[in-house]
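Here's the structure, in structure tokens; my notes come after.
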Amino acid sequence: LSFLRRCDILCSMLADFHTHTCLSDGVLSPIELIRRAHVLGLGAIALTDHAGPGSLGRVIEEVKKDCLVARAHWNIMAIPGVELTHLPSTIIPEVAQRAKELGAWLVVVHGETLTEPVEPGTNRAALSSPYVDLLAHPGLITLDEALLAARQGIFLELSTRKGHCLTNGHIAQMARRTQAKLLIASDAHDEGELLTPSLFRAVSIGAGLAEEELAALQENAQLLLSRLPVEENP
Ligand SMILES: [Zn+2]
Ligand SMILES: [Zn+2]
């Protein structure tokens with residue numbers, strides 16, 4: 001995929017970096033979710049199903065195939081990923097590395113949200129791994145952890161999902177104080193929950209972001225897209 005096409009996609013369109021399919025607890029199959037996102041006008045979608053050490057290989061293998069087909073036929077950047085969810089925190093770095101070796105382009109870690117709490121220490125373990133791209137809904141993330149995110153270049157998520165969004169204002173504040181980079185993502189488990197321009201805007205403003213910080217969010221999405229592995233021609 002050329003740099004120009006990447007820019008084309010993101011300069012004008014929205015990217016959603018956190019979604020689920022029936023490979024975990026989402027409703028639609030991977031190819032169907034991508035197709036729905038394409039019809040809704042998203043420029044990029046990452047499929048990031050819940051995975052653990054045992055399911056990692058199967059989930060990545062299946063999602064890679066559908067993403068490849070989608071990219072070949074539709075004008076949408078379909079990104080194979082995983083969300084490491086409820087792992088013992090100490091094994092997160094090694095499983096994240098394995099996910100990348102198996103061909104995941106994007107590794108998300110399910111952070112310490114208030115509503116579906118994972119093992120304490122998950123935020124820090126995720127932020128210590130160079131193989132993690134996005135810490136999802138990090139809850140009451142500390143200033144130290146946000147500093148680590150900034151240093152490691154790991155994005156922090158503002159979630160549009162109910163419950164996970166409770167601490168968005170706090171996360172935005174920690175990011176502002178540490179220069180950590182934010183992304184907005186939907187954590188959609190069905191078509192109706194995917195990111196839209198109006199949701200993007202409303203949740204950003206609801207988290208206390210100013211107009212210029214909204215533009216920075218778009219730049220952050222572009223930066224993440226530019227880091228994805230260069231695609232071999234199918
Ligand atoms: Zn889920
Ligand atoms: Zn999720």
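With respect to (1) within 16 Å of ligand 1 (Cβ to nearest atom); (2) assigned to a loop (DSSP other than H, G, I, E, B); (3) at pLDDT 95 or above; (4) surrounded by fewer than 24 Cβ atoms within 10 Å (Cβ to Cβ), the lone exception for His50 is condition (2).
What number of residues in region 136-179 are charged (D, E, K, R) and surrounded by fewer than 16 Cβ atoms within 10 Å (Cβ to Cβ)?
Number of matching residues: 5.
The C-beta contact set for region 72-89 (first residue at pLDDT below 95, second residue assigned to a loop (DSSP other than H, G, I, E, B), distance under 6 angstrom, 6+ apart or interchain) is empty. Given the condition touching a residue at least 12 places away in the same chain (Cβ under 8 Å), closer than 29 Å to Glu62 by Cβ and exposed (fewer than 14 other Cβ atoms within 10 Å of the Cβ), answer yes or no: does some residue in region 127-135 qualify? Looking for residues that are touching a residue at least 12 places away in the same chain (Cβ under 8 Å), closer than 29 Å to Glu62 by Cβ and exposed (fewer than 14 other Cβ atoms within 10 Å of the Cβ), one finds at least one in region 127-135, hence yes.
Restricted to region 109-150, and to residues there that are within 12 Å of ligand 2 (Cβ to nearest atom), part of a loop (DSSP other than H, G, I, E, B) and over 19 Å from Ala172 (Cβ atoms), the residue that is modelled with the lowest pLDDT is Glu116. Any chance region 202-225 includes a residue that's within 16 Å of ligand 1 (Cβ to nearest atom), over 25 Å from Ile91 (Cβ atoms) and without any contact (Cβ under 8 Å) to a residue 40 or more places away in the chain? No, there is no match, as no residue in region 202-225 is within 16 Å of ligand 1 (Cβ to nearest atom), over 25 Å from Ile91 (Cβ atoms) and without any contact (Cβ under 8 Å) to a residue 40 or more places away in the chain. Among the residues of region 181-205, those that are buried (at least 20 other Cβ atoms within 10 Å of the Cβ), in a loop (DSSP other than H, G, I, E, B) and either out of contact with any Lys or Arg (no Cβ under 9 Å at 6 or more places or on another chain) or modelled with pLDDT under 95 (or both) comprise Lys181, Leu195. Could you tell me whether Ala104 is assigned to a loop (DSSP other than H, G, I, E, B) and surrounded by 14 or more Cβ atoms within 10 Å (Cβ to Cβ)? Criteria met by Ala104.
Look at (1) at pLDDT 95 or above; (2) under 26 Å from Thr160 (Cα atoms) and you find that Glu61 fails only one, number (2).
The test for being part of a loop (DSSP other than H, G, I, E, B) and not basic (Lys, Arg) holds for Leu209. Annotation note: of Leu68, Leu28, Leu42, the sole residue that is more than 15 Å from ligand 2 (Cβ to nearest atom) and either of a type in the set (Lys, Arg) or in contact with an Asp or Glu (Cβ under 7 Å, 6 or more places away or on another chain) (or both) is Leu42.
The values are calculated or read from the model by the stated rules, or taken from the named source; none is laboratory data. This one's a predicted model, so the numbers in the text were calculated from it and none came from an experiment. So basically every Cβ, Gly included, is an ideal-geometry build from the backbone, and we count neighbours across all protein chains shown.
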